[in-house]
């Protein structure tokens, strides 16, 4: 039943987007875009699968029920990405239409769409585990900021806009179409995948693919401010919005709104965890920002006030202020003061990454080191650190999947004698097809090794 709640609405909502594209751009363009997006999704999913295989690791996702596959990727993934890409593109243009400085330039569209793809990821991934659609297999220790959704997943969804939508839009620019370098645009995707295949530590700032994710997004935003005006579509218009106030433009709103309604049902209703509702804010804000007659400044002010209540409102605020900043620094006539503001924003954006990445890397390493200790070493850890770790593993118990994540959960829960966490881990353990064991049985184990032996025997019975 939960699988149908994903697949059936996705098919309907995607069909609405295809129809809208055909009305605005013609069937030839609509088929070109969606066929190319689906093909890219299949290629991307298989490349990621091959990279995981080359590293001797399982696939990033575990589907709770068998899913139809094309190689390493499931059929759902390419259709989901195509749906999210078109929705992000449409909303990005709708948001920028209200900015007087925007005259159809494509780099600002690609940048805002990249932010919105991250928003799609946060909302859909937060709903996936409560609904039983899939589990992340790579989530072990992640930032609590995004609450149970691995940051790498959000950034990789965002990069889909850079890997596919950005080259697709640039092909519509006359000067790009006439250039011999146009065939180098797919290298954006190739370089991204290479950072995953040959991932190396970049000092104390994480791995190559993590640094790439942030630097690439910041570079796109910087390019939108400084060179965006040279990249307007010529000959082939890309705008998805009509000049007339036709009801057909309501279709993408209905599509994205319909998906958000499912996500809200999953996060607020099925999960029982109201905190997950923060995950819908970026997309909900985008719908308001793109809607006619809704003042963007008012939405941004409301979100800015919300940040003082909870920092998890910040991603939605970033979506709201980005077009306002673009309008401020690119308005005609282009003055030196505006150029100075743009330069300062770019420098601050790049500079802020490094202390944040250093903090995140150090925090992750500290938690991993603590995990590796024997139980008797727990007394050496200050209470604040211990409480932070327990909060983290409570989230993993509720939302992470996969043997590796579950092993960490079992270890931490047994070490702290956290019965609630153990009971949840046992339930998760059973969903992966393993023989069910009891939390009491694990709590009575003499050592962590003995507890692992119980789990190992349960796995062996399945295998």
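All of the numbers you see were taken from the coordinates with simple rules; none came from a lab. In this text the structure is predicted, and so the values were computed from the model without any measurement. With ideal geometry, Cβ positions are generated from the backbone for all residues, glycine too; neighbour counts draw on all protein chains shown.
Does the stretch 4-119 come out rounded, prolate or oblate, given a ≥ b ≥ c as the square roots of the eigenvalues of its C-alpha gyration tensor, rounded meaning a/c under 1.5 and, failing that, prolate meaning a/b above b/c? Note, shape of the stretch 4-119 comes out prolate.
Using the Cβ-Cβ distance between residue 239 and residue 362 with R0 = 56 Å, the FRET efficiency computed as 1/(1 + (r/R0)^6) comes to roughly 0.80. Ordering of 282-289, 13-20 by packing is 282-289, 13-20, highest average first (other Cβ atoms within 10 Å, averaged per residue). With a Förster radius of 25 Å applied to the beta-carbon distance between residue 103 and residue 39, the computed FRET efficiency rounds to 0.20.
Relative to the current alpha-carbon distance between residue 344 and residue 22, full extension at 0.36 nm per residue lengthens the span by 111.8 nm. Gain on full extension, evaluated as 0.36 nm per residue between residue 187 and residue 270 minus their Cα-Cα distance, stands at 25.7 nm. Relative contact order of the stretch 2-353: 23 percent, from C-alpha pairs under 8 Å at least 6 residues apart in sequence. Taking a ≥ b ≥ c as the square roots of the Cα gyration tensor eigenvalues, with a/c under 1.5 meaning rounded and otherwise prolate when a/b beats b/c, else oblate, which class fits the stretch 2-353? Since a/c stays below 1.5, the shape of the stretch 2-353 is classed as rounded. A simple spin-label model places pseudo-atoms 7 Å from Cα toward Cβ; at residue 452 and residue 50 they are separated by 3.5 nm. Please label the shape of the stretch 250-368 as rounded, prolate or oblate, based on the square roots a ≥ b ≥ c of the eigenvalues of the alpha-carbon gyration tensor (a/c under 1.5 means rounded; beyond that, a/b larger than b/c means prolate, else oblate). Oblate shape, in that a/c is at least 1.5 and b/c is the bigger or equal ratio.
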